[in-house]
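**Q** Here it is, the structure, as structure tokens.
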Amino acid sequence: MKAVYCPYCGGRTKRNGRTSSGSQRWRCTACGASTTVRYDDTATRLDEFLGWLLSKDSQAAMPGGGRSFRRRTAEFWEVWPMPVPDGELHRVLHVDGIWVARDLVVLICCSGERVVSWYMARSENSRAWSALMSPIPAPEVVVTDGGSGFAKAVRETWPRTRVQRCTFHAFSQVKRYTTTRPKLQAGRELYLIARDLMGIETLHQAELWVERYLDWCGFWADFLEDRTVVDGRRVYTHERLRRARSSLSSLVSAGTLFTYLDPALAKAGPLPSTNNMIDVSVNIIFTISTNAFSPIAPTRIRRIRQRGCAAFGA
């Protein structure tokens, strides 16, 4: 055992019985001060925690049925690993929010090759997005699925960066309201218009698409104003269709659907129109000490998510 020295005068100590809790008491031979020693085993327990987290073992397989393990490692569920951005300038960056638990979201920023940075927050808001983007040099184009608070954050943090709204997510948002088999003619037409977003490759096609969408809005305008009395209140009869229309109208007004077709930007090379590279890379686990990521099996990421949800009370 290592020698124990007095925390007050630095003199050598000797054993002097035990405390009421059973801890060894030490008495300084020089000044007579009494003290106890608590050894820091945090690093050892963290290694044990990470070894279990990255393994296929369940907590029940740990010694003692997992009870002792949970007690020793409970504090590590609260550790939020944060990366150190390297300051590299990227032409295009992709950002997205991956929900790990009910009140825990990982805001992730990546280039075409690797994860550039991430930020862990309890919700997607402008402050969290700004915290993610502030340490990263502003790119020419950022591709996003339109998470809450992102528009405000990008205006304040990357004011000169052009925004490309993921066309697949724009279509998916419409599909959420219309379903894949709309019953109404207006819904069927809007579903097809939104689906065609993913096949646009030229500015001329984009202009025709906008004209087609605006024609649809004009033709069905009166139809979407119909109201019905429900529980004594007048509500819109086709509320879901109105929401689908609103989701597309806001993107057309913002001019973020076809940024990837801008000749000035595309001169240096083709630009992506979707954010699917992040969605495909959802089966990743962040390392504690590096700002890289490692692919793992889908079943293992589900296990890690389940453990995270249980730890955060989700």
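**Q** What residues have an amide H closer than 5 Å to that of residue 25, excluding those fewer than 5 places away on the same chain, when H is modeled at 1.01 Å from N in the peptide plane?
**A** 16, 17, 18, 19
**Q** Here's a follow-up. Which value at 222 nm does the chain reach when only helices count, each DSSP H run of 4 or more adding -39,500 (n - 2.57), with the total divided by all residues and rounded to the nearest 500 deg cm²/dmol?
**A** Roughly -11000 deg cm²/dmol at 222 nm, from the helical runs in the chain.
**Q** A further question on this structure: Among 216, 157, 177, whose Cα lies farthest out toward the positive end of the dipole of the range 135-216, if unit charges sit on the beta carbon of Lys, Arg (+1) and Asp, Glu (-1)?
**A** Going by the Cα projections, it comes out as 177.
**Q** Beta carbons within 10 angstrom, averaged per residue: use that to sort the peptides 126-138, 226-238, highest first.
**A** Taking the mean over residues of other Cβ atoms within 10 Å, the ranking is 126-138, 226-238.
**Q** Loop-only check: which trypsin sites (Lys or Arg not before Pro) in the range 1-63 are DSSP coil with at most 12 other Cβ within 10 angstrom? Intermediate results must be reported in sequence, preceding the final value.
**A** Values: sites: 2, 12, 14, 15, 18, 25, 27, 38, 45, 56; in loops: 2, 38, 56.
Within the range 1-63, the qualifying trypsin sites (Lys or Arg not before Pro) (loop, at most 12 other Cβ atoms within 10 Å) are 2, 38, 56.
**Q** How about the range 53-91: which GluC sites (Glu not before Pro) there lie in a loop by DSSP and see at most 16 other Cβ atoms within 10 Å?
**A** 88
**Q** For the chain, which whole percent of the accessible surface, found with a 1.4 angstrom probe, sits on carbon and sulfur atoms?
**A** 52 percent
**Q** Rounded to a whole number of µm²/s, how large is the Stokes-Einstein D of the range 85-156 at 4 °C and 1.567 mPa s, given Rh as the Kirkwood radius over C-alpha pairs? Don't jump to the answer; show the numbers that get you there.
**A** On the way: Rh = 12.1 Å.
After rounding, the answer is 107 µm²/s.
**Q** Note the listed values (1) 34; (2) 52; (3) 43, then indicate which one is percent of Cα pairs over 31 Å apart calculated from this particular structure.
**A** Structure-derived value, by its label: (2).
**Q** Restricting attention to the range 25-55, which chymotrypsin sites (Phe, Trp or Tyr not before Pro) occupy a DSSP loop and are surrounded by at most 13 other Cβ atoms within 10 Å?
**A** Taking the range 25-55 and a limit of 13 other Cβ atoms within 10 Å, the loop chymotrypsin sites (Phe, Trp or Tyr not before Pro) found are 39.
**Q** Something else now. Of the listed peptides 215-222, 194-201, what is their order by residue-averaged count of other C-beta atoms within 10 Å, with the highest listed first?
**A** Packing order, densest peptide first, comes out as 194-201, 215-222.
**Q** If I stretch the segment between residue 25 and residue 222 completely, what's the gain in nm (0.36 nm per residue apart, minus their alpha carbon distance), one decimal? Don't jump to the answer; show the numbers that get you there.
**A** Working: separation 197, 0.36 × 197 = 70.92 nm, distance 8.48 nm.
Separation in residues times 0.36 nm, less the Cα-Cα distance, equals 62.4 nm.
**Q** Return the percentage of antiparallel bridges among DSSP beta bridges fully within the range 132-274, rounded to the nearest 5 %. Numbers along the way, then the final one.
**A** Working: 4 of 8 bridges.
Close to 50 percent.
**Q** Please report the relative contact order for the chain, taking Cα pairs under 8 Å with a sequence separation of at least 6, and give it as a percent rounded to a whole number.
**A** 15 percent
**Q** Checking the a/c ratio against 1.5 first, then a/b against b/c, what shape does the Cα gyration tensor give for the range 65-204? Let's see the in-between values first.
**A** On the way: a/c = 2.71, a/b = 1.42, b/c = 1.91.
Note, shape of the range 65-204 comes out oblate.
**Q** Compute the accessible area per residue over the chain, keeping the other protein chains in place, probe 1.4 Å, unit Å².
**A** 57 Å²
**Q** Provide the percentage of antiparallel DSSP beta bridges, counting only those with both residues in the chain; round to the nearest 5.
**A** Of all bridge pairs located within the chain, approximately 80 percent are antiparallel.
**Q** Going toward the positive end of the dipole of the range 19-140, with +1 on Lys and Arg Cβ and -1 on Asp and Glu Cβ, which of 74, 120, 53 do you reach last?
**A** Farthest towards the positive end: 74.
**Q** If you place +1 on the Cβ of every Lys and Arg and -1 on the Cβ of every Asp and Glu, how big does the dipole about the Cα centre of the chain come out, in debye to the nearest 20?
**A** 1960 debye
**Q** In nm, what is the difference between 0.36 nm times the number of residues separating residue 243 and residue 59 and their Cα-Cα distance?
**A** Numbers: separation 184, 0.36 × 184 = 66.24 nm, distance 4.49 nm.
Length gained, residue 243 through residue 59: 61.7 nm.
The values are calculated or read from the model by the stated rules, or taken from the named source; none is laboratory data. The model shown is predicted, which means the values in this text are computed figures rather than measured ones. Using ideal geometry, Cβ is built from the backbone for each residue, glycine included, and neighbour counts are taken over all protein chains shown. Protein only, heavy atoms only, side chains kept; ligands, DNA and RNA dropped before computing areas. Shrake-Rupley method; radii C 1.70, N 1.55, O 1.52, S 1.80 Å.
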